[in-house]
1. Which residue fluctuates most in the GNM of the chain (Cα springs below 10 Å): F30, F12, F117?
2. Shape call for region 101-181 from the C-alpha gyration tensor, a ≥ b ≥ c root eigenvalues: rounded (a/c under 1.5), prolate (a/b greater than b/c) or oblate?
3. When 1/r is averaged over all different Cα pairs and the result inverted, which Kirkwood radius in Å belongs to region 16-72?
4. Which of these, Q70, Q54, Q106, has the largest mean-square fluctuation under a Gaussian network model of the chain (Cα springs below 10 Å)?
5. With springs only between Cα atoms under 10 Å, which of G24, G171, G40 fluctuates most in a Gaussian network model of the chain?
6. Only Lys, Arg, Asp and Glu count, each charged at its Cβ (+1, +1, -1, -1), so figure out the dipole size of region 1-57 about its Cα centre, rounded to 20 debye.
7. What does the charge add up to near D127, with Lys and Arg as +1, Asp and Glu as -1, over the other residues with Cβ less than 9 Å from its Cβ?
8. What does the charge count near A69 come to, summing +1 for each Lys or Arg and -1 for each Asp or Glu among other residues with Cβ under 9 Å from its Cβ?
Amino acid sequence: MHVKESKLKGLFIIEPTVFKDDRGYFFESFNSKLFKDKTGYSNNFVQDNESKSQKNVLRGLHFQHPPFAQGKLVRVIKGSVLDVAVDIRNNSSTYGEHIKLVLSEQNKTMMYIPEGFAHGFLTLENDTIFSYKCTNYYNKSSEDCILWNDSTLAIDWLIDNPFLSEKDQLGKNFSSFVTKF
């Protein structure tokens, strides 16, 4: 497993060691000891989520406020996504900056997104299955959303009119957003 910290402190890109042969492939998608050794995080993942989406579905930019904030280990099981995380930690030197990365069933790359980040993804293929482990349980009253196409964030999603939920259409502007992190 190759793990590297991104330009956003605390956010890690994880490339598992994949063993391939004529039968297919095998890889370890999570190992608590290795995860702690390579990232410094000793998280207890308490909830796994999975979504299936058609091409050009955009979900995000989502997060939960403290004390229900969530760290997430995200990956694609089938298809591919453009995955985006935005630093919303008030005292961070990279506050308001984002990282984007293609995660796919082919590259098997994962991203660990700690608490204090808004997260979203755009599906690049039909029937994309996206999976993520969470460090805290879902809490509806603490969920929030930043507008996916906020001009302040300047995220190039590679699309102008994605399929969005009503919640994602009504996300907050980053300039008026007050972080609790």
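1. In the Gaussian network model the winner is F30.
2. Oblate shape, in that a/c is at least 1.5 and b/c is the bigger or equal ratio.
3. 15.0
4. Result for the chain, Cα springs under 10 Å: Q106 fluctuates most.
5. Maximum among the listed residues: G24.
6. 240
7. Neighbour charge sum, excluding D127 itself: +2.
8. Residues close to A69 contribute a combined charge of 0.
The values are calculated or read from the model by the stated rules, or taken from the named source; none is laboratory data. Model, not experiment: these values are computed from the prediction. All Cβ positions, even for glycine, are placed from backbone atoms using ideal geometry, and neighbour counts span all protein chains on display. Surface accessibility is based on the protein's heavy atoms, side chains included, excluding ligands, DNA and RNA. Shrake-Rupley method; radii C 1.70, N 1.55, O 1.52, S 1.80 Å.
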